[in-house]
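No lab work stands behind these numbers, since they all come straight from the coordinates. A quick note: this is a predicted structure, and the numbers were derived from the prediction, not measured. Cβ placement follows ideal geometry from the backbone for every residue including glycine, while neighbour counts extend to all protein chains displayed.
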Amino acid sequence: MSAPIVTYRECCKQGIRAALLADPRVFLMGEDVGRYGGCYAVSKGLLEEFGPERIRDTPLSESAFVGAGIGAAIAGMRPIVEIMTVNFSLLALDQILNNAATIPHMSGGQFAVPLVIRMATGGGRQLAAQHSHSLEGWYAHIPGLKILAPATLEDARYMLAPALLDPNPVLIFEHIMLYNMEGVLDPAVTSVDIEKAAIRRPGRDVTLVTYGGSLFKTLEAAEDLAREGVEAEVVDLRVLRPLDQETILASVRRTRRCVIVDEGWRSGSLSAEIGMRIGEEAFYELDAPLRRVCAVEVPMPYAGHLEQAALPSRERIVATVRALLRPGS
Amino acid sequence: MGLFRMPSLGADMEAGTLVEWLVKPGDKVKRGQVVAVVETQKGAIEVECFEEGTVEELLLAPGQKVPVETPMARIRAAGEAPGPAAVPPPPPPPTPAAECIEPRPAAAPSAAPPPPPPPSAARPAGLKVSPAARRRALELGVPLDRVHGTGPDGAITVADVESAARGAAAEAPSPPPTPAAAVPPVAEPSTPVARRGFDPVEMRKAIAAAMSRSKREIPHYYLASTVAMHRALAFLEATNRERPPPERLLPAVLLLKATALALREVPQLNGFWIDGGFRPGPGIHLGWAIALRGGGLVAPAIHDVDKLALPKLMAALRDLVGRARSGGLKSSELADATLTITSLGERGAESVLPVIYPPQVAMVGFGAIVTRPWVDEAGGLAARPVVQVSLAADHRASDGHLGSRLLAAIDDHLQRPETL
């Protein structure tokens with residue numbers, strides 16, 4: 001009997017379910033997570049299974065329920081807070097930066113904040129400029145936070161458990177275009193780390209660094225390039241903070257070229273940080289200028305064709321790599 | 001505003017060291033004026049400016065070693081207002097008049113300049129080389145100006161350096177004979193001048209690089225003919241009888257002039273192979289291979305040999321040999337040759353198969369003039385002075401039929417010495 005086909009959404013749900021079953025201190029809290037089943041239907045059915053004490057619908061006030069989650073974590077609970085999209089999380093930025101990320105430091109280590117915040121990120125579903133941005137790079141700027149970006153089914157399923165074990169606040173960014181992704185959950189995998197980047201495709205000619213929703217575009221682009229004789233290595237960051245610099249640098253030292261694919265805007269972005277680290281640590285290894293494929297620096301358009309034009313695409317990745325490796329073509 | 005740049009004095013030159021400035025800011029300079037002395041592998045070279053104007057600023061201090069094409073000075077064209085102190089280097093031609101020294105064909109094929117950037121972008125000076133390629137070139141000892149860049153914007157990549165190194169290594173086990181071995185010392189007193197000497201080790205490296213490249217890249221073909229010299233030598237004897245010893249002509253001038261006139265008839269052999277095509281030389285500027293004490297060799301050019309009367313040509317040749325030995329060659333002499341001649345002189349071997357100096361497309365060799373049995377026009381046998389004239393030519397640029405025409409034309413001119 002072959003393993004069943006599952007979706008990324010189902011993997012997220014099974015991760016939460018397993019956490020709820022494993023530890024009575026764990027509870028899920030957020031807008032529409034209970035009766036509605038989650039705006040991306042991740043928590044559908046959990047209210048029935050675990051009851052309203054552990055699956056809690058909150059008022060539409062990100063600052064209030066994130067703050068409540070921080071308090072619960074300090075008090076010994078293991079809250080999973082869901083924020084509907086990263087754009088809305090800005091209302092809770094004060095809680096996340098000034099409290100969650102800071103209290104362990106300001107208390108001299110007396111208070112841990114073992115909080116997990118999950119949120120949806122990214123564009124591609126015509127949700128326009130207030131629901132479609134990729135702001136995880138901003139959070140990756142903040143010391144005291146751990147930032148995860150699960151792209152594969154295994155990471156969606158298993159990253160939550162180590163995140164809950166972490167004594168510090170962990171933010172998990174789930175790209176909205178991944179929820180419907182289907183596949184077979186590798187039965188050999190029963191846990192994952194939340195420290196290392198992963199090489200999703202080995203290659204010798206160029207390193208493509210990416211994460212989250214851009215991973216599969218990048219892998220598809222790598223397949224296109226392979227047909228032209230270009231072997232791209234694809235690094236999935238998985239952890240946006242702290243960056244697994246060693247894996248990135250080791251790959252770039254092998255291939256000597258790097259293109260960073262990041263759905264965030266490029267000015268002051270995570271891609272800028274990665275490029276700079278490569279410049280600092282591997283300058284003499286480089287055989288070509290660093291390049292980036294990022295979202296176009298505009299508020300995300302509503303119109304479908306404009307939205308697609310604004311997002312990193314397989315074609316733009318291929319063209320960027322081609323220009324590095326085969327400038328004549 | 002012109003930028004006076006470190007010139008490339010041959011395909012094998014990567015960098016030069018400024019020895020001294022012969023001008024200072026505010027000086028007026030003329031086209032062809034020697035403005036600086038630059039130390040290269042070929043010794044100290046007097047570098048000429050190719051623009052009229054006023055020296056605005058010297059950008060290099062003596063002792064500084066910089067890559068070819070690095071700006072050395074800013075020169076304000078006549079009539080132009082003084083510029084701001086810091087202007088970015090202008091984009092490369094299409095405005096050659098603004099460039100003090102234009103890229104020379106001698107350096108072009110391997111250090112092919114990157115395609116011109118969009119008009120708004122100022123081009124940084126020097127080659128584009130990736131950091132990794134620069135380090136690899138250092139490890140392998142590959143001079144970057146002989147590496148063809150295939151990366152973005154024509155930048156040199158690690159693969160380019162490694163393939164250049166592989167090419168060089170393939171040639172290494174059997175270094176081709178260089179014309180150096182063939183050029184006899186000319187009886188000229190050597191005048192050692194400390195500053196203007198050359199480093200034989202460095203020069204050997206330069207010769208090795210140029211000759212390896214020649215044999216690596218140029219598919220040579222060789223032709224040779226025996227040319228009767230009794231008419232030419234009789235003409236020379238008659239001419240010299242009326243001249244004081246210092247002004248007497250040597251057979252070399254006849255060979256030079258005959259070759260120059262023959263090249264007028266076969267211009268396809270006078271020029272360069274650049275970027276996959278033949279580019280005719282701008283004149284008939286003949287390089288003359290000169291052996292140096294200490295084992296070096298240079299082949300500086302005499303310009304417009306076809307237009308020089310024999311006495312002037314003789315004076316030019318004496319001057320050139322003297323300056324080559326003492327280290328006073330000019331940049332244009334090192335870079336401009338459109339075809340090179342090696343002549344073995346009276347104590348040399350009877351024939352020579354030359355190695356073309358890239359990117360030239362041909363080289364002409366003359367063996368020693370020797371007396372041999374000769375069947376003359378009437379069918380009679382006589383002892384005659386003869387010379388073996390040989391041609392090495394680039395088969396990419398020409399075929400043997402054309403090469404034969406050049407040798408025949410040289411022969412023809414040497415049989416009519418009074419027209420030389």
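Taking 0.36 nm per residue of separation and subtracting the Cα-Cα distance, what length does fully extending B:Ala383 through B:Lys312 add?
Here the segment from B:Ala383 to B:Lys312 would lengthen by 22.4 nm.
Normalised by the residues of chain A, what does the relative contact order come to in percent, with Cα pairs under 8 Å and at least six apart?
16
Just order B:57-67, B:303-313 by mean Cβ neighbour count inside 10 Å, highest at the front, would you?
By packing density, highest mean first, the sequence is B:303-313, B:57-67.
Shape of region A:185-323 from its Cα gyration tensor (a ≥ b ≥ c, root eigenvalues): rounded if a/c is under 1.5, otherwise prolate when a/b > b/c, or oblate?
rounded
For A:281-291, what's the mean count of beta carbons from other chains sitting within 10 Å of each residue's beta carbon?
5
Report the label-to-label distance for A:Tyr284 and B:Asp275 in nanometres (one decimal), using points 7 Å from each Cα along the Cα→Cβ vector.
3.5
May I ask you to derive the FRET efficiency for A:Phe111 and A:Asp224 from their Cβ-Cβ distance with R0 = 56 Å, giving the value to the nearest 0.05?
So, using R0 = 56 Å, E works out to roughly 0.65.
Count the DSSP beta bridges whose two residues both fall in region A:198-325, then state the antiparallel fraction as a percent rounded to the nearest 5.
20
Residue by residue through B:148-155, how many Cβ atoms from other chains fall within 10 Å of the Cβ on average?
4
Per-residue ellipticity at 222 nm for the protein assembly as shown, helices alone: DSSP H runs ≥ 4 residues times -39500 (n - 2.57), over residue total, nearest 500 deg cm²/dmol?
When only DSSP H runs of four or more count, the value is -9000 deg cm²/dmol.
Using the Cα centre of the protein assembly as shown as the reference point, and only Cβ charges (+1 on K/R, -1 on D/E), how large is the resulting charge dipole? Debye, rounded to the nearest 20.
1540
Using a Förster distance of 45 Å, how high is the FRET efficiency between B:Asp304 and B:Arg135, based on the Cβ-Cβ distance and rounded to 0.05?
That gives a FRET efficiency of 0.50.
Give the order of A:Phe65, A:Phe111, B:Phe4 when sorted by the count of other beta carbons within 10 angstrom, beginning with the fewest.
Arranged by neighbour count, lowest to highest, A:Phe65, A:Phe111, B:Phe4 become A:Phe111, A:Phe65, B:Phe4.
Counting other C-beta atoms within 10 Å, which of A:His105, B:His401, B:His413, B:His230 has the fewest, and how do the rest follow?
Listed from fewest to most nearby Cβ atoms, that is B:His401, A:His105, B:His230, B:His413.
Take the residue pairs B:Lys128/B:Lys205; B:Lys24/B:Lys257; A:Lys146/A:Lys217; B:Lys215/B:Lys257; A:Lys13/A:Lys217 and return only those whose Cα atoms are more than 30 Å apart.
B:Lys24/B:Lys257
With a ≥ b ≥ c the root eigenvalues of the C-alpha gyration tensor of the protein assembly as shown, is it rounded (a/c under 1.5), prolate (a/b larger than b/c) or oblate?
Prolate, since a/c reaches 1.5 and a/b exceeds b/c.
List the residues whose amide H sits under 5 Å from the amide H of B:Ile45, counting only those 5 or more places along or on another chain, with H placed 1.01 Å from N in the peptide plane.
B:Val38, B:Glu39, B:Thr40
Taking square-rooted eigenvalues a ≥ b ≥ c of the alpha carbon gyration tensor, is region B:285-420 rounded, prolate or oblate, where a/c under 1.5 means rounded and, failing that, a/b exceeding b/c means prolate?
Because a/c hits 1.5 or more and a/b exceeds b/c, region B:285-420 counts as prolate.
Using Cβ contacts closer than 10 Å as the measure, can you line up A:Thr255, B:Thr17 from fewest to most?
Ascending number of Cβ neighbours within 10 Å: B:Thr17, A:Thr255.
Just to be sure I understand: of the beta bridges DSSP finds with both ends in chain A, what percent are antiparallel, rounded to 5?
20
Which one of B:Leu18, A:Thr210, A:Ser191 has its Cα pushed farthest toward the positive end of the charge dipole of the protein assembly as shown, where Lys and Arg give +1 and Asp and Glu give -1 at the Cβ?
Among B:Leu18, A:Thr210, A:Ser191, the one farthest towards the positive end of the dipole of the protein assembly as shown is B:Leu18.
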